[in-house]
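J.: Starting off with a structure, shown below.
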Amino acid sequence: MISRVAEGCFWLARYLERVDSLARLMDVRHALHIDAGLSSAWRWRPLVALTGQEDDFRRRVGAELLDDGEAIQQYLTWDADHPSSLFSAARGARENARTVREIMSLEAWEAINDLWLWLQGSDSRRLYQRNRSGFYERMVQSTLLFHGVSHATMLHDEPFVFMELGRAVERAGVTASIVDVHRPADGEEPAGDVDAARWVALLRSCCAFDPFFRRCPDPLSGKAVTRFLLFDRSFPRSVLYNLDQARALLFAVRRNDPVGLPRRSRTALERLRGELLQMDLADVEQRGLHSTLSWIVGATERLCDTIHYDYLDPPNAWLRHCVGVLESLSAPLRDTRAA
Amino acid sequence: MAVRSGVGSAAPGAAPWRDAPLETTDPFAAYQPPPDTYDEAFDRDGRPHPALSGVIDPLRRIDRTHYRRLQKLAGDAFLRGGVTFSVYAKGEGDLDRIFPFDLIPRVVARREWDRVEAGLVQRIAALNAFLEDVYGEQRILEEGVVPREMVESSRSWRPQMRGIRPPGGVYVHIAGTDLVRDGDGRFLVLEDNIRTPSGVSYVLENRMVMRRVLPDIGAGRVAPIEDYPARLREAMASVAPAGARDPSAVVLTPGPFNSAYFEHSFLARRMGCELVRGSDLFVERDRVYARTTQGPSRVDVIYRRIDDDFLDPETFRPESLLGVPGLIRAYAAGNVALVNAVGNGVADDKGIYPFVPDMIRFYLSEEPLLGQVPTWVCQREPDRRYVLDHLDELVIKAVGEAGGYGMLVGPRASRKQIAAFRERVAADPRNYIAQPLVQLSTCPTWTREGIAPRRVDLRPYVITGDRSWVLPGGLTRVALVKGSYVVNSSQGGGSKDTWVLEEER
């Protein structure tokens with residue numbers, strides 16, 4: 001398929017994954033107010049940092065509001081200039097969808113377009129004011145609807161594979177980031193109930209509450225939760241699960257390769273996944289939780305870069321070189337056509 | 001003109017609006033087309049044209065509230081489906097707008113349509129022969145049937161294309177000829193569009209929405225149009241360069257900011273081919289390749305929705321970022337087919353239009369089957385004198401403009417506007433033609449004041465590969481503003497579903 005279109009599919013899924021994870025995080029934070037008497041500084045500020053926009057927030061909204069839950073929710077939900085706000089991420093998903101509309105099913109397109117039309121209208125603002133939790137849930141459900149509808153109505157061919165790949169790679173990085181946000185500060189000795197609230201919040205932010213207890217019925221501990229979210233092979237939001245997925249998808253994209261196209265992404269993925277497979281929690285602790293998580297986040301970002309290089313935006317010089325190789329092969333050109 | 005309150009011929013229980021209270025008055029009761037105007041639905045005595053009674057009668061039963069509900073359903077379907085164009089709104093970024101849609105269909109009886117169809121096929125054959133000739137031997141210029149200076153002074157004349165014969169000699173793969181009906185109901189050609197005519201996606205989407213919203217009216221008798229993408233795909237395959245088995249075809253778009261982007265995407269989707277931008281393609285060894293996830297991939301046929309000027313910075317505008325450097329080289333080498341061909345604009349130039357009937361006689365030895373509007377060519381001295389003396393009676397059109405811009409409707413213009421056009425015509429006569437004001441036919445249309453006559457035109461689409469095929473019907477554009485003659489969407493126009501209605505069996 002056309003590289004740019006694959007890029008659109010990849011990013012469409014990444015943006016939607018951002019909507020999904022941020023809406024869920026905010027919903028859990030919003031509810032935390034009831035669960036534990038934590039200061040709003042603890043509840044909200046890390047989310048601004050998570051979206052990488054703390055400086056922007058200080059500059060445009062005001063440093064004094066960094067502990068203000070309402071201001072932060074407003075910013076992370078509606079700010080059109082914040083690239084990862086729910087509003088902007090939904091817009092990004094929809095804009096990408098518009099540029100790849102020709103490979104989508106009507107139903108999949110409508111799932112995204114409806115979300116966008118709703119966000120632009122007044123109904124969404126009203127729901128946001130009256131029932132905050134209901135608003136976040138609706139955002140999450142819209143993304144789940146898209147995944148279900150696209151799976152059920154689209155051809156499971158290359159465009160779909162690139163959507164799934166975008167989602168898997170984004171999710172691996174996001175899960176690591178979310179764990180990082182919930183990690184106790186260095187040297188922090190948390191009180192028991194605060195600690196429990198923290199891990200519950202983490203589980204719920206990853207949609208992992210029930211799956212986790214099916215796997216680990218023992219008393220709740222940070223170690224067990226971390227292990228589950230990093231290494232569980234069958235939980236669909238764990239880091240390793242998503243790298244397994246990414247591997248299967250990446251191998252499905254390019255089965256035969258007569259001209260020796262670049263394969264940096266496979267190498268990058270195999271390296272990251274290989275290392276994680278060798279690790280256990282003791283290694284993580286030895287390395288330090290934060291630095292392990294940062295390494296995972298950085299490695300998924302680099303993986304995305306290599307996917308861009310190999311598939312989504314290959315260098316023209318390389319493609320021109322491939323034409324030469326193709327023409328020198330005796331195999332007819334027709335066989336190398338993309339479907 | 002009063003219309004007798006009709007008793008519906010449709011079975012009462014079958015209509016989706018059966019629960020709506022019957023209006024005590026017929027919504028067509030006050031319907032009154034302007035004088036000297038042909039109405040698409042009613043004759044001069046206020047009776048529906050014979051072919052239409054089965055369509056008009058059920059419409060009489062829809063009351064205003066119910067109509068609004070249906071209209072909202074239709075609007076939502078367009079908006080949700082993304083059948084929109086972007087308009088830039090100050091402070092709000094781009095907004096999606098739908099093309100206004102009127103639910104009352106415009107109906108053409110099959111018998112009338114057959115004549116239109118034959119006329120269109122004939123006209124496109126002549127235009128195609130003209131292009132092959134002017135970019136080849138130039139017989140028609142040698143013999144003085146069309147003045148050479150009119151061709152060579154055309155803004156769309158592309159001398160670079162001389163001697164490059166496109167595959168199969170086909171230049172006009174897709175035509176969207178604008179037709180109007182005069183006071184006597186005769187179809188006349190108003191304008192030829194053989195560069196990159198747009199609008200066909202609305203024809204297909206209008207029909208989809210119509211079937212959803214008013215499923216029972218006309219059912220079973222309306223000529224289907226769903227074949228269009230398949231026919232286009234077939235025509236594209238038929239002009240693929242020799243040796244391309246299973247040719248690869250793409251649609252080339254300027255990108256999502258183009259107002260017709262929806263259509264580009266729609267056609268690619270329905271033809272099952274890739275939608276590409278200039279930056280997705282490159283030329284190597286005079287062949288066109290697409291940048292794909294599997295490496296370079298040959299492209300054989302390009303349905304380009306980019307104007308000639310922007311196609312290839314090596315040949316035309318060097319600053320164009322929309323095109324593909326080297327594309328014309330590949331085209332000249334016969335390694336890629338472009339749909340439509342490059343340089344077609346010289347044949348749909350409004351200054352060439354008056355010569356089309358002579359082209360038909362010259363190339364086909366036939367008399368034109370479709371009439372056209374008498375036209376004065378300001379380039380010619382006697383014509384110019386007449387036009388300048390009668391500006392207040394005529395419609396003046398700039399030959400290089402479209403979309404209803406650069407136009408003076410004399411009978412409806414102010415003195416100041418007329419004076420301004422007098423200067424422009426005198427300064428640049430080649431750029432202007434003049435025509436009498438055609439009383440475009442009217443069609444019943446829902447308005448705030450109820451059903452009222454509004455003026456319409458018709459753009460049928462003709463596809464030509466190894467033969468020509470005419471989409472039954474086409475795009476009916478309607479001037480929604482009372483009294484207006486301008487149907488363009490940029491100036492208050494909307495559209496209607498167009499039905500070619502088979503005879504009742």
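J.: Averaged across orientations, what area in nm² does the convex hull of the alpha carbons in region A:1-82 project?
T.: That works out to 6.1 nm², a quarter of the Cα hull's surface.
J.: For region B:374-436, restrict the atom set to alpha-carbon positions and state the Rg and Dmax in Å.
T.: Over region B:374-436's Cα set, Rg and Dmax evaluate to 10.2, 28 Å.
J.: In 20 Å bins starting at zero, report the fraction of Cα pairs in the protein assembly as shown per bin as a rounded %.
T.: 14, 38, 32, 15, 2, 0
J.: How many times 2.2 N^0.38 Å is the alpha carbon radius of gyration of chain B?
T.: This ratio for chain B stands at 1.01.
J.: May I pose another question? Considering chain A as a Gaussian network with a 10 Å cut-off on Cα pairs, which listed residue, A:28, A:253, A:200, attains the greatest mean-square fluctuation?
T.: Looking only at A:28, A:253, A:200, the largest GNM fluctuation is found for A:253.
J.: Also, quick follow-up: List every residue whose amide H lies under 5 Å from the amide H of residue B:394, counting only residues 5 or more places away in sequence or on a different chain, with H placed 1.01 Å from N in the peptide plane.
T.: Excluding prolines and chain starts, which carry no amide H, the hits are B:410.
J.: Still on this model: With the other protein chains left in place, how much accessible area per residue, in square angstrom, belongs to region B:374-436 at a 1.4 angstrom probe? Provide the component values of the computation, followed by the final result.
T.: Working: 3330 Å² over 63 residues.
That works out to 53 Å² for each residue.
J.: Just going by the charge dipole of region B:374-436, with Lys and Arg at +1 and Asp and Glu at -1 on Cβ, which of B:375, B:407, B:429 is farthest out on the positive end?
T.: B:407
J.: For residue A:234 and residue B:381, what does the FRET efficiency come to when R0 = 60 Å and r is the distance between their Cβ atoms, rounded to the nearest 0.05?
T.: Once the sixth-power term is evaluated, E becomes 0.10.
J.: So how do B:340-352, A:306-318 stack up, highest first, on mean other-Cβ count within 10 Å?
T.: The peptides rank, most packed first, as B:340-352, A:306-318.
J.: If each residue of separation counts as 0.36 nm, what is the full-extension length gain between residue B:211 and residue B:416 once their alpha-carbon separation is subtracted?
T.: Taking 0.36 nm per residue and subtracting the Cα distance, the gain is 69.1 nm.
J.: Now for a separate question. Roughly how many debye, to the nearest 20, is the charge dipole of the protein assembly as shown about its Cα centre, given +1 on each Lys and Arg Cβ, -1 on each Asp and Glu Cβ, and no other charges? Could you put the intermediate results ahead of the total?
T.: Working: 109 positive and 115 negative charges, 116 e Å.
With Lys and Arg at +1 and Asp and Glu at -1, about 560 debye.
J.: Quick one: what do you get for region A:226-339 if you divide its Cα Rg by 2.2 N^0.38 Å?
T.: Working: Rg = 17.9 Å, N = 114, 2.2 N^0.38 = 13.3 Å.
Rounded to two decimals, the normalised Rg is 1.35.
J.: Now a separate question. With a 1.4 Å probe, how much accessible area is buried between chains B and A, both sides summed, in Å² to the nearest hundred? Don't skip to the answer; put the middle values down first.
T.: Values: alone 22360 and 16180 Å², together 34860 Å².
By this definition, chains B and A bury close to 3700 Å².
J.: On full extension of the chain, what length is gained from residue B:279 through residue B:365, given 0.36 nm per residue of separation minus the C-alpha to C-alpha distance?
T.: Using 0.36 nm per residue and subtracting the Cα-Cα distance, I get 26.4 nm.
J.: Okay, moving on. For chain A, take the longest principal axis of its alpha carbons; what is the angle in degrees between that and the long axis of helix A:264-278, to the nearest 10 within 0 to 90?
T.: For helix A:264-278, the angle is close to 40 degrees.
J.: Moving on. Sort B:495, B:490 by heavy-atom solvent-accessible area, probe 1.4 angstrom, most to least.
T.: On the way: B:495 0, B:490 70 Å².
Descending order: B:490, B:495.
J.: Let me know the charge dipole size of region A:1-81 about its Cα centre in debye, to the nearest 20, where only the beta-carbon of Lys, Arg (+1) and Asp, Glu (-1) is charged.
T.: Dipole size: approximately 220 debye.
J.: While we're looking at this one, here's another question. Name the residue from B:252, B:417, B:28 whose Cα lies farthest towards the positive end of the charge dipole of chain B, charges +1 on Cβ of Lys and Arg and -1 on Cβ of Asp and Glu.
T.: B:28
J.: Using +1 at the Cβ of each Lys and Arg and -1 at the Cβ of each Asp and Glu in region A:192-249, identify which of A:216, A:241, A:230 lies farthest towards the dipole's positive end.
T.: Farthest towards the positive pole: A:241.
J.: Using only Cα atoms and rounding to the nearest 10 degrees, what angle (0 to 90) does helix B:200-213 make with the longest principal axis of chain B?
T.: Here the helix axis deviates by roughly 30 degrees.
J.: Computing the accessible area with a 1.4 Å probe over protein heavy atoms, can you report the carbon and sulfur percentage for region B:374-436?
T.: Solvent-exposed carbon and sulfur of region B:374-436 make up 49 percent of the total.
J.: Taking the Cα atoms only, what angle lies between the long axis of helix B:415-427 and the longest principal axis of chain B, rounded to 10 degrees?
T.: 20 degrees
J.: Further question: Quick check for chain B: number of Lys pairs with alpha-carbon distance under 20 Å, counting only pairs 8 or more apart or on different chains?
T.: The result is 4.
J.: Right, next: At R0 = 25 Å, how high is the FRET efficiency between residue B:466 and residue B:115 if r is their beta carbon distance? Nearest 0.05 is fine.
T.: That gives a FRET efficiency of 0.55.
J.: For chain A, with only Lys/Arg (+1) and Asp/Glu (-1) charged at the beta-carbon, what is the dipole magnitude about the Cα centre, in debye rounded to 20?
T.: Roughly 600 debye for chain A.
J.: Probe of 1.4 angstrom, ligands and nucleic acids ignored: what's the accessible area per residue over region A:17-128, in square angstrom?
T.: Using a 1.4 Å probe on heavy atoms only, each residue of region A:17-128 averages 37 Å².
J.: For n ≥ 4 DSSP H runs only, could you compute -39500 (n - 2.57) per run for chain B, divide by its residues and tell me the 222 nm figure to the nearest 500?
T.: Roughly -7500 deg cm²/dmol at 222 nm, from the helical runs in chain B.
J.: So how long is each side of chain A along the principal axes, counting just the alpha-carbon atoms, biggest first, in Å?
T.: Projected onto the principal axes, the Cα atoms of chain A cover 72, 51, 40 Å.
The values are calculated or read from the model by the stated rules, or taken from the named source; none is laboratory data. Note that the structure is a prediction, hence the values are computed from the model and not measured. Here the Cβ is made from the backbone with ideal geometry for all residues, glycine too, and neighbour counts use every protein chain on show. Surface areas here come from the heavy atoms of the whole protein model, side chains and all, with no ligands, DNA or RNA. Shrake-Rupley method; radii C 1.70, N 1.55, O 1.52, S 1.80 Å.
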